[in-house]
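Only one structure is covered here, and it is reproduced in the block below.
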């Protein structure tokens, strides 16, 4: 997951007459996301929150914005390593399991995110959150290996499609 803008957050727009800020166009990002799947058919997810709403935590997939000129597959591999310290070869990802576009708010920023999802089988791995950037460290508290059925009212996904993405990732790595 990359931070909102290189070097920190986007500075606020100057106030409009009357003291209000004009609406900013949403930030558009091309993102690569990856669902590592273990032998038990569980996907590795991160747990965190929007910094403006820490009282509403959620589970989310690993990934973030592709760097200029970077392929989505390479971005997925880089993000997987940065966020979990799991290293895989890009060829292990196979074809994307899903693509979508979502719009959401995070940290007071409106974001439109074009997403490509990959799955990868991870036989064994030590997970570390040591590579998270400062924003990620401040808004991510743990990780977990979860089955689609583990998400629900008590364990909220960041987006309602995540359980289906877990099922698709499991089917992909099992070649179902």
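The values are calculated or read from the model by the stated rules, or taken from the named source; none is laboratory data. Quick caveat, the model's predicted, so the values are computed rather than measured. In this analysis, Cβ positions are derived from the backbone assuming ideal geometry, glycine residues included, and neighbour counts consider all displayed protein chains.
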Query raised in the report: Can you tell me which residue in the stretch 86-113 is modelled with the lowest pLDDT, limited to those that are over 22 Å from residue 57 (Cα atoms), loosely packed, with under 15 Cβ neighbours inside 10 Å and under 16 Å from the mean Cα position of the chain (by Cα)?
Result: 100
Requested in this report: Look through 147, 125 and report the one residue that is surrounded by fewer than 18 Cβ atoms within 10 Å (Cβ to Cβ), modelled with pLDDT of 95 or more and farther than 20 Å from residue 51 by Cα.
Outcome: 147
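For the structure I just gave you, tell me whether residue 73 is crowded, with 16+ Cβ neighbours inside 10 Å, more than 16 Å from residue 114 (Cα to Cα) and either within 15 Å of the chain's Cα centre (by Cα) or at pLDDT 95 or above (or both). First the steps, then the outcome.
Numbers: crowded, with 16+ Cβ neighbours inside 10 Å: yes; more than 16 Å from residue 114 (Cα to Cα): no; either within 15 Å of the chain's Cα centre (by Cα) or at pLDDT 95 or above (or both): yes.
Here the answer is no, as residue 73 does not meet what is asked.
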Report task. Considering only the stretch 39-62, state which residues are out of contact with any helix residue (DSSP H, G or I) (no Cβ under 9 Å at 6 or more places or on another chain) and over 21 Å from residue 131 (Cα atoms). Result -> 39, 40, 52, 53, 55, 56
Query raised in the report: Before we move on, is residue 67 surrounded by 15 or more Cβ atoms within 10 Å (Cβ to Cβ), in contact with a helix residue (DSSP H, G or I) (Cβ under 8 Å, 6 or more places away or on another chain), in a loop (DSSP other than H, G, I, E, B) and at pLDDT below 95?
Result: no
**Report entry** Test: residue in the stretch 5-27 that is modelled with pLDDT of 85 or more, under 22 Å from the mean Cα position of the chain (by Cα) and within 19 Å of residue 99 (Cβ to Cβ)
**Finding:** no
Query raised in the report: Restricting attention to the stretch 140-170, which residues are under 23 Å from residue 27 (Cβ atoms) and part of a loop (DSSP other than H, G, I, E, B)?
Result: 158, 159, 160, 161
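Determine which member of the set 137, 92, 99, 113 is in a helix (DSSP H, G or I) and either in contact (Cβ under 8 Å) with a residue 60 or more places away in the chain or within 27 Å of residue 174 (Cβ to Cβ) (or both). Spell out the reasoning first.
Values: 137 fails: either in contact (Cβ under 8 Å) with a residue 60 or more places away in the chain or within 27 Å of residue 174 (Cβ to Cβ) (or both); 99 fails: in a helix (DSSP H, G or I); 113 fails: in a helix (DSSP H, G or I).
On inspection, the qualifying residue turns out to be 92.
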**Report entry** Pick from the stretch 37-53, criterion assigned to a loop (DSSP other than H, G, I, E, B) and modelled with pLDDT of 90 or more, ranking: nearest to the chain's Cα centre (by Cα)
**Finding:** 49
